[in-house]
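Working notes, structure below.
The values are calculated or read from the model by the stated rules, or taken from the named source; none is laboratory data. As the structure is a prediction and not an experimental result, all values here were calculated from the model. Cβ coordinates were reconstructed from backbone atoms using ideal geometry, including for glycine residues, and neighbour counts include every protein chain displayed. Keep in mind that these areas ignore ligands, DNA and RNA; they rest on the heavy atoms of the full protein, side chains included. Shrake-Rupley method; radii C 1.70, N 1.55, O 1.52, S 1.80 Å.
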Amino acid sequence: MGDVQNKRKLILEDGSEFEGFSFGSKEAKMFEIVFNTSMVGYQEIISDPSYTYQGVVMTYPLIGNYGMCKDDYETLTPTISAMIVREYCDEPSNFRAEKTLGEVMEKYDITGISGLDTRQIARHIRDYGCCRAYIVPYEKDSREALIELREWKPRTDAVNKVSTKEIFDYADKMGLEANEETYHIVAIDCGMKMNILRELYKRNCKITVVPWNTSAKEIEDLNPDGVFISNGPGDPEDVWDTISTIKELKGKYPIFGICLGHQIISLAYGAKTYKLKFGHRGGNHPVKNLKKDKVEITSQNHSYAVDDKTVADTGLKVTHVNLLDNTVEGVECVEDKVFSVQYHPESAPGPQDSSYLFDEFIDIIKLSREGK
């Protein structure tokens with residue numbers, strides 16, 4: 001696992017302490033600690049912008065065994081703070097592997113700690129909730145570290161940190177061949193996963209990506225057929241610029257939101273959000289589609305949820321519910337051609353049960369174009 005020089009401590013704000021060994025960046029790091037139950041997909045997880053300023057406990061015991069591949073990143077510049085694992089593998093066996101997980105984490109200043117009982121830590125988070133955490137050198141005084149941690153204030157600029165700073169055409173930026181463009185989608189980037197753009201591109205859409213704080217007028221000037229709002233990190237109430245934009249755009253264009261985009265749509269209609277005790281993060285969450293009376297297995301990553309008691313009289317209707325805790329997983333306003341889901345239908349990684357939602361978005365745009 002490592003030698004004495006690489007020993008590290010993970011300290012939680014309640015004083016709990018766990019010992020392990022360093023990999024990736026050696027920097028001491030403070031963050032909000034969360035856990036993810038996925039069995040695969042650590043590359044997509046560390047490159048998902050929704051984990052900005054967070055440290056992720058991976059409950060699957062072996063991490064790093066298939067290395068890292070340039071085609072599987074969800075963002076080109078990861079912003080996750082830390083990764084906490086049981087066993088780290090620094091010698092991957094995979095013909096697609098180009099670098100080790102540790103090499104990538106070191107490049108992007110992502111602190112890692114291995115050799116801990118991640119089951120115990122996950123249970124602790126489940127029982128007591130997500131909290132602030134601190135990875136420090138083993139020799140650092142624990143009482144001093146705990147004082148520093150309790151004085152640390154988590155940042156609230158996560159979306160601004162990860163959103164694009166300029167408007168761009170997705171195909172042009174990625175060097176992709178021009179496809180048979182059918183509809184023009186303006187995608188509001190709040191920390192968007194690349195696989196969402198890939199899904200829209202596969203459906204022959206022209207995609208213009210815009211920053212999170214782009215105004216309604218700027219979007220209207222782009223003359224879109226539909227508007228998409230992405231996933232992203234942090235508290236949805238920190239992105240009032242985006243919420244205000246959607247308030248102005250709803251009813252004018254078909255709108256589709258995923259994860260943070262779902263929460264933004266709900267807030268724009270007057271519903272409320274709240275922070276979950278330990279969030280939903282994994283690739284096997286059962287969600288019931290109330291419209292189809294079917295259950296989908298979904299990929300999830302979020303800390304906040306829409307308060308179901310506040311949806312009534314907003315013009316929205318709940319369309320999906322989580323079967324583990326009955327939280328809201330989807331809403332729609334048929335009249336405005338607006339809908340959203342809390343989970344990730346692009347599923348990178350995860351099941352493919354919900355990819356039909358992208359097709360539904362295109363169908364709604366088509367009907368809107370036809371004046372229906």
I need the strands (runs of 3 or more DSSP E) fully contained in the stretch 284-342, keeping only those with at least 1 residues that are open to solvent by 80 Å² or more (accessible area, probe 1.4 Å) and either without any contact (Cβ under 8 Å) to a residue 60 or more places away in the chain or closer than 22 Å to V159 by Cα (or both).
294-306, 317-322
Restricting the search to the stretch 343-367, which residues are in contact with a strand residue (DSSP E or B) (Cβ under 7 Å, 6 or more places away or on another chain) and open to solvent by 50 Å² or more (accessible area, probe 1.4 Å)?
D353
Counting only residues that are among the small types (G, A, S) and closer than 17 Å to E166 by Cβ, which one in the stretch 182-220 is surrounded by the fewest Cβ atoms within 10 Å (Cβ to Cβ)?
S215
Answer yes or no as to whether A271 is in contact with a Ser or Thr (Cβ under 7 Å, 6 or more places away or on another chain), open to solvent by less than 10 Å² (accessible area, probe 1.4 Å) and farther than 24 Å from I45 by Cα.
yes
So which strands (runs of 3 or more DSSP E) stay within the stretch 1-79 end to end and still have 3 or more residues that are more than 23 Å from P351 (Cα to Cα), at pLDDT 95 or above and open to solvent by less than 40 Å² (accessible area, probe 1.4 Å)?
7-12, 17-24, 29-36
Top-ranked residue in the stretch 151-173 [being open to solvent by 80 Å² or more (accessible area, probe 1.4 Å) and without any contact (Cβ under 8 Å) to a residue 60 or more places away in the chain; ranked as nearest to C130 (Cα to Cα)]
K153
Quick check on the stretch 293-300. Is at least one of its residues modelled with pLDDT of 95 or more and more than 20 Å from S38 (Cα to Cα)?
yes
Looking at the stretch 307-343, which of its residues are over 22 Å from K250 (Cα atoms) and of a type outside the set (D, E, K, R)?
V321, N322, L323, L324, N326, T327
Do we have L249 as touching a helix residue (DSSP H, G or I) at 6+ places or on another chain (Cβ under 7 Å), at pLDDT 95 or above, open to solvent by less than 10 Å² (accessible area, probe 1.4 Å) and within 20 Å of E74 (Cα to Cα) here?
no
With criteria (1) open to solvent by 30 Å² or more (accessible area, probe 1.4 Å); (2) closer than 15 Å to I135 by Cβ; (3) small (G, A, S), A82 comes up short on (1)
So which residues in the stretch 259-268 are farther than 30 Å from R123 by Cβ and either open to solvent by 20 Å² or more (accessible area, probe 1.4 Å) or within 16 Å of the chain's Cα centre (by Cα) (or both)?
G261, I264
Give me the residue from the stretch 241-270 that is touching a residue at least 60 places away in the same chain (Cβ under 8 Å) and part of a loop (DSSP other than H, G, I, E, B) and, out of that set, farthest from E360 (Cα to Cα).
Y269
Matching residues in the stretch 223-240 - criterion: being surrounded by fewer than 20 Cβ atoms within 10 Å (Cβ to Cβ) and either within 25 Å of D307 (Cβ to Cβ) or free of Cβ contacts under 8 Å to residues at least 40 places away in the same chain (or both)
N223, D235, E237, D238, W240
